[in-house]
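Okay, so here's the structure we're looking at.
Since every read-out is calculated from the coordinates, none of them should be taken as a lab result. Just so we're clear, the structure is a prediction, and the values are computed from it rather than from any experiment. All Cβ positions, even for glycine, are placed from backbone atoms using ideal geometry, and neighbour counts span all protein chains on display.
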Amino acid sequence: MFEIVFLGTSASAPSVHRGLPAQLVMYREYRFLVDCGEGTQRQILKSGMGFRRLDKILITHGHLDHILGLGGLLATQMRWDTVEKMEIWGGKRALDRIYDLLYGVVIRGARSPVPLEFYDVTPGVLMEDKHFTLSAFRVSHRGGDSYGYIFEEKPHRRFLVEKAEALGVPAGPERRRLVQGESITLADGRVVHPDDVLGPPERGTRLVIVGDTGRIDDLIESVRDADALVIEATYLQKDEEIARAFDHITAAQAASLAVESGAQALILTHISRRYRERDILAEAQGVFPGPVFVARDFDHYNIRRDRPPELIRAEE
C-alpha cells in the first residue's frame, strides 16, 4: 500500500483554499516529496506529517510554482536538523535552476549543514529495494525536461493458509520462512517447499504521478494499469484551446488517459481558480467510468491494489 498526502493542489498561483503543487508519498520507511511549491513547509506542518525522514524530493519539472518552496524547506531542515542529507531528483534543467536557487540565495557561499545530493533523472528505474521500485518517464510540457514518477510494489505471492493447514504447517516461524522463500522440515520429517503453500505471482500496487503535461497520447504506456493515476486537470474542455496554448490538459483529457491506459482510479490536481470543483469532477466522470477524485489540500489517500483509493479528507 502507498499513501499520498496532497499538500498543494492549485495551478500556477495559490488560492484561498489551495496551495502550490506538492504531494507527499509514503511507503514503508520511505517518504518522498513530489514537487515543492512555495509554502510547502507550512503545508507539511499543517498536515501533521512533520519533516523527519523527508529526505527525498522528486521534481516533475523546473517551473517556479513547483520548486520555489525548496528554499524555505531547506532552511527549516537546516535549522531543525531533521535529516542527515537531502536528495533532490529532477531533470537537468530543473536541477540547474534549483542549484541556483539554493546556492545563490538560500546558502549563498556558506556550507550547507545538510549534505545536498542532486540526481539527474532519466527514464527508467531510479531506485529499488526488495519491496518496490521507483521509476521515471518523460512528460511533454512547456520547456521540456519534465518527468512523471511510478511507485510500484514488486510482485508477490499470496500465502495460502488452507494449503498450509492441510500439510500440517504450524502457525509461526515456519510459515514466515516459507513466505521468505525457504523450505522447511516438519516434525515428522516431511519437507514443505514455498511452492507448496504460495499462490501464483501477483503484481503489486502501482501509483503513477504525472504532474503538468500538454499531451496524453505519449503517456499511455507509461501510466498503464495504474491503481491510481494522479494528473493535472487545469482546464475544462470548453477552454481546450487555452489549455493547448499553455501546454496543459483538460479534465476530459485526463479522464481519457485513464480510460486508454486502464487506470483503476483517477485523482485530479493542479486545479485552476477559474472553475468550480464539481464541474471538473463532472467532466471527468463523464469520460472515465471508474472512481474520480478532485484532490484538495491535505487530502490523504491510501492506495491499494485493485480497489478504490481510500480517502481521508482532512478538511471540508
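Observations
- Principal axis dimensions, largest first and in whole angstrom, of the stretch 157-200 by Cα: 27, 18, 17
- In the chain, helices alone account for a calculated mean residue ellipticity at 222 nm of -6500 deg cm²/dmol, with every DSSP H run of four or more residues adding -39,500 (n - 2.57).
- Going through [x] 30.4, 91; [y] 26.0, 82; [z] 21.7, 74, the figure that equals Rg and Dmax of the Cα atoms in Å as computed for the structure here is [z].
- Seen from all directions on average, the stretch 204-251 presents a Cα convex hull projection of 3.3 nm².
- Degrees between helix 92-101 axis and first principal axis of the chain (Cα, 0 to 90, nearest 10): 60
- Cα shape, the stretch 247-316, gyration tensor, a/c 1.5 rule: oblate
- Global geometry of the stretch 80-223, whether rounded, prolate or oblate, following the gyration tensor of its Cα atoms and the 1.5 cut on a/c: oblate
- Virtual spin-label span in nm between V106 and R157, 7 Å along Cα→Cβ: 4.6
- Span from the the stretch 235-266 Cα centroid across to the the stretch 101-179 one, whole angstrom: 28
- Computed FRET value (nearest 0.05) for D279 with R313, which takes r as the C-beta separation and R₀ as 25 Å: 0.85
- Packing rank of 31-39, 177-185, 288-296, 110-118, where each peptide gets the mean count of other beta carbons within 10 Å, highest leading: 31-39, 288-296, 177-185, 110-118
- Local charge for F137 was computed over the other residues whose Cβ lies under 10 Å away, with Lys and Arg +1 and Asp and Glu -1, and equals -1.
- Point-to-point label distance, Q237-F118, nm (Cα→Cβ direction, 7 Å offset): 4.3
- Counted over the chain, the DSSP beta bridges are approximately 60% antiparallel.
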